[in-house]
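Data first, discussion second: the structure below is written as structure tokens.
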Amino acid sequence: IAVLRDEALQSLTTSQVSKLNTQQIAGLSTHQTQIINLNQIRALSGVQIAAIESQDVAIMTTLQIQAMSPALTKSLTAAQIGALTTVQVRILFTSQVQALALGQVQALTTQHIQALSTSQLAALSAAQVASMTTAQIASLNELDVPPGPNNFYMGESSQVSSLSKTQV
């Protein structure tokens, strides 16, 4: 499949995409992963999603990430979750966040946790919050100052307050 031209890949029907085996999915180049259309993403199975290389998941567009159903999101491996950018995490629908397995929640970096919106945090189940590491919990509301003059970002001040009594 890596030898397919862009036009040929983009012209695959959803039925054809759904029949690709995991080796073919894993063989997609980074560029090919970026040009898969949204209907093709939706046609993938959980096994196929898990076969996408982690570095390729990291370059998927926000629309591609959002095109994944909660069930497909749950199919992402821990390595793929860890490879997500903070922008990708930030745009996850609350239904996708709710679908994360405990191991996937634990695979979120502290930067991912800081990127979560209050609605995403509120969508987490008590079990998901309980599965968080000490570092993840401690990262809520931490001040993050990346290098650069006058360039800083403060995590949402209401992150912790968005957690319910059940979650805590």
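The values are calculated or read from the model by the stated rules, or taken from the named source; none is laboratory data. Not measured: the values here are computed from a predicted model. Cβ: placed from backbone, ideal geometry, glycine included. Neighbour counts: every protein chain shown. We work out accessible area using only protein heavy atoms, side chains counted, and drop any ligands, DNA or RNA first. Shrake-Rupley method; radii C 1.70, N 1.55, O 1.52, S 1.80 Å.
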* To the nearest 0.05, how large is the calculated FRET efficiency for SER119 and ASN39 if R₀ is 45 Å and r is the Cβ-Cβ distance? -> 0.95
* Could you calculate the contour length gain from GLN10 to ALA138, that is, 0.36 nm times the residue separation minus the distance between their Cα atoms, to one decimal place in nm? => 41.7 nm
* Ratio of Rg to Rh over region 1-120 (Cα coordinates, Kirkwood Rh, two decimals) -> 0.96
* Structure fact -> Taking a crude spin-label model, label points 7 Å out from Cα along the C-beta direction, the VAL87 to LEU102 distance in nm is 3.4
* Asked: Leaving out ligands, DNA and RNA, what percent of the accessible area of region 1-140 is carbon and sulfur, probe 1.4 Å?
  -> 58
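Suppose accessible area is computed on protein heavy atoms with a 1.4 Å probe; arrange SER131, SER18 from highest to lowest.
SER18, SER131
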